[in-house]
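Working notes, structure below.
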Amino acid sequence: MPSADAPPVSASRDHPQRLALHNEVHARPPVPLWSNERILSQAFTLDAFSRREHIAWIDRASSAFPPLQKNIQQQSIRVLKLADESSRILLKWEMHGEFLALTIFAQQQDAAHIEGRAELMGRIEALLARNGVAPLHELPGQRLVAIDIVLEEGAPYADAFTIAKRFNDNTVLGSLITSNQNAQLWTDLQLDDEGYVRVVVRGSGMGSRQAGRAIQRLIDIETYRMMALLAFPNAKSLAEPLRNAELELAKVSEKIATAQKQETIDITVDAQLLGDVSALAARVEGWISANGLRFTAAEAYHELVKGALQELHESVIPGVQTLGTFMERRFEPAMRTCRWTVRRLHDLSDRISRTSHILKTRIEFVNESQQQSLLESMDRRAKLQLRLQQTVEGLSVIVMTYYATGLLQYIAKGLRTTGIDVNPDVIGLVSVPVIAIGLLWFLSQRRKKQPIV
């Protein structure tokens, strides 16, 4: 037990990020929903300009409509109360890294009087215009997701045939959802005339927060599924180029294997092969750089879809395919294609790197062999030059001795004419060994002083 006299812990000792990190667990609370609600959710991909436009729009809307208190501090998620007269209307604005989600929650009178989509959107646009806020249809961005969910209270449908009439007799998916299986989920996952995927959630006895969590999971599944599938066209477009690149690399490897069997190495052939491999490596790295972020995001969105499906707690309605089973059979193959494409890209990059290393090793070996031959040739040339120098030095000693002896003899003859008794022949005889030995000693001393290269 702490002492009663102990001073209280000061808030200044908290980590500067403590509050933000703590609130992260409450970043996306589900909107509490009651029976008979109409939910329209759309997601838009944005560029930098569209993002700024949406932020400015939500700031104006937040000043015109009261936000829910628990979301007022959230800059990326805001829930505004547009109306609270005959029915409650909420607008949820969520800014994500790559997209923006706009969701309308509108309470309805009862299951028999669910408001039409056009009528509901008309009411919302009128509310926005009345408060000086730009209408939703004027906001920028490209719509990627649109889902229309009807949350209604009532007895469960007996079979898929009965509910299919609400989906133009299309084949429907269905399951029991929530942890206590007290609601039915029905959808055909088809786009209607306005581009919406229609979903019906029907049950009784769901709590408001339980219903909110279930609806949020359905919105997340559709939104993240479409965001993940943005990588699928990239994967399909890379299939043929990857196949061609793999064939090119196989041909280069075959040429290297053929060159290895030859006794002589042609440096020009290896240089050409290295140029081909470098060009191929640049192409593959370009594909990785251009598509890496998209594939990484797809994997993250895929995990979110799987998590949301698990949180629905689906159980089977006899004779009806569940949403999870449908995703397993239709959505998972597309994600496996993306993962396989990423693996092929990285495997190809690794193989190109190994091939390039082999070629560089061959070229380095040739260069080292050529350098060794050049050094041996230079060594032989140096030895020949040394021998030539020694020969020239020997001849120069003889020549210089001859001329020096002759010069001394001329001097001796001159001295003899002046009366000095000097024998030129004796002078020449004595001077020859003296001059020769002196020159040899001088040359040896000079060689000692020369630096060794």
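The values are calculated or read from the model by the stated rules, or taken from the named source; none is laboratory data. From a predicted model like this one, the values you see are computed outputs, not experimental measurements. No Cβ is skipped: glycine too gets one built from the backbone with ideal geometry, and neighbour counts run over all protein chains shown.
So, in segment 261-289, exactly how many residues are touching a residue at least 24 places away in the same chain (Cβ under 8 Å) and out of contact with any Phe, Trp or Tyr (no Cβ under 8 Å at 6 or more places or on another chain)?
Our first condition is that a residue be touching a residue at least 24 places away in the same chain (Cβ under 8 Å); within segment 261-289, this holds for 265, 267, 270-271, 273-274, 276-278, 280-281, 283-285, 287-288.
Then drop every residue that is not out of contact with any Phe, Trp or Tyr (no Cβ under 8 Å at 6 or more places or on another chain), which leaves 267, 270-271, 273-274, 276-278, 280-281, 283-285, 287-288.
Here the count works out to 15.
Looking at (1) part of a strand (DSSP E or B); (2) of a type outside the set (A, V, I, L, M); (3) surrounded by 21 or more Cβ atoms within 10 Å (Cβ to Cβ), which one does ARG143 not meet, given that it meets all the others?
Exception for ARG143: condition (3).
Across segment 264-322, what is the total count of residues that are closer than 22 Å to ALA183 by Cβ, assigned to a helix (DSSP H, G or I) and of a type in the set (D, E, K, R)?
Qualifying residue count for the region: 2.
If you take the residues of segment 199-255 that are part of a helix (DSSP H, G or I), farther than 30 Å from ASP270 by Cα and among the small types (Gly, Ala, Ser), which of them is modelled with the lowest pLDDT? Even if it seems obvious, please write down each step before you answer.
Step one: list which residues in segment 199-255 are part of a helix (DSSP H, G or I), which gives 208-229, 231-255.
Now restrict to residues that are farther than 30 Å from ASP270 by Cα: 208-229, 231-237.
Next cut, among the small types (Gly, Ala, Ser) only: 208, 211-212, 214, 228, 231, 235, 237.
On the way: SER208: 89, ALA211: 92, GLY212: 93, ALA214: 94, ALA228: 97, ALA231: 96, ALA235: 96, SER237: 96.
Among those that are part of a helix (DSSP H, G or I), farther than 30 Å from ASP270 by Cα and among the small types (Gly, Ala, Ser), it is SER208.
Keeping to segment 24-61, report how many residues are in a helix (DSSP H, G or I) and over 29 Å from the mean Cα position of the chain (by Cα). First the steps, then the outcome.
Within segment 24-61, the subset in a helix (DSSP H, G or I) is 24-26, 48-61.
Applying the additional criterion that residues be over 29 Å from the mean Cα position of the chain (by Cα) yields 26, 56-61.
Going through segment 24-61 one residue at a time, the tally reaches 7.
Among the residues of segment 242-255, is any surrounded by fewer than 17 Cβ atoms within 10 Å (Cβ to Cβ), within 23 Å of THR171 (Cβ to Cβ) and touching a helix residue (DSSP H, G or I) at 6+ places or on another chain (Cβ under 9 Å)?
There is no residue in segment 242-255 that is surrounded by fewer than 17 Cβ atoms within 10 Å (Cβ to Cβ), within 23 Å of THR171 (Cβ to Cβ) and touching a helix residue (DSSP H, G or I) at 6+ places or on another chain (Cβ under 9 Å).
Look through segment 135-147, keep the residues that are in contact with a helix residue (DSSP H, G or I) (Cβ under 6 Å, 6 or more places away or on another chain) and at pLDDT 95 or above, and return whichever of them is nearest to ILE39 (Cα to Cα).
Step by step, filter segment 135-147, then rank; the result is ILE147.
Can you tell me which residues in segment 326-357 are modelled with pLDDT of 95 or more, out of contact with any Lys or Arg (no Cβ under 8 Å at 6 or more places or on another chain) and of a type in the set (Val, Ile, Thr)?
THR341, VAL342 - these are the residues of segment 326-357 that are modelled with pLDDT of 95 or more, out of contact with any Lys or Arg (no Cβ under 8 Å at 6 or more places or on another chain) and of a type in the set (Val, Ile, Thr).
What are the residue pairs meeting all of these: first residue in segment 394-414, first residue assigned by TED's automatic domain parsing to the domain that holds VAL426, second residue surrounded by 13 or more Cβ atoms within 10 Å (Cβ to Cβ) and not in a helix (DSSP H, G or I), Cβ atoms under 6 Å, and 6 or more apart or on different chains?
From segment 394-414, the pairs are ALA412/VAL422.
Could you list, in sequence order, the residues of segment 64-81 that are of a type in the set (A, V, I, L, M, F, W, C) and either touching a Lys or Arg at 6+ places or on another chain (Cβ under 7 Å) or modelled with pLDDT under 90 (or both)?
Listed by number, the residues that qualify are PHE65, LEU68, ILE72, ILE77, VAL79.
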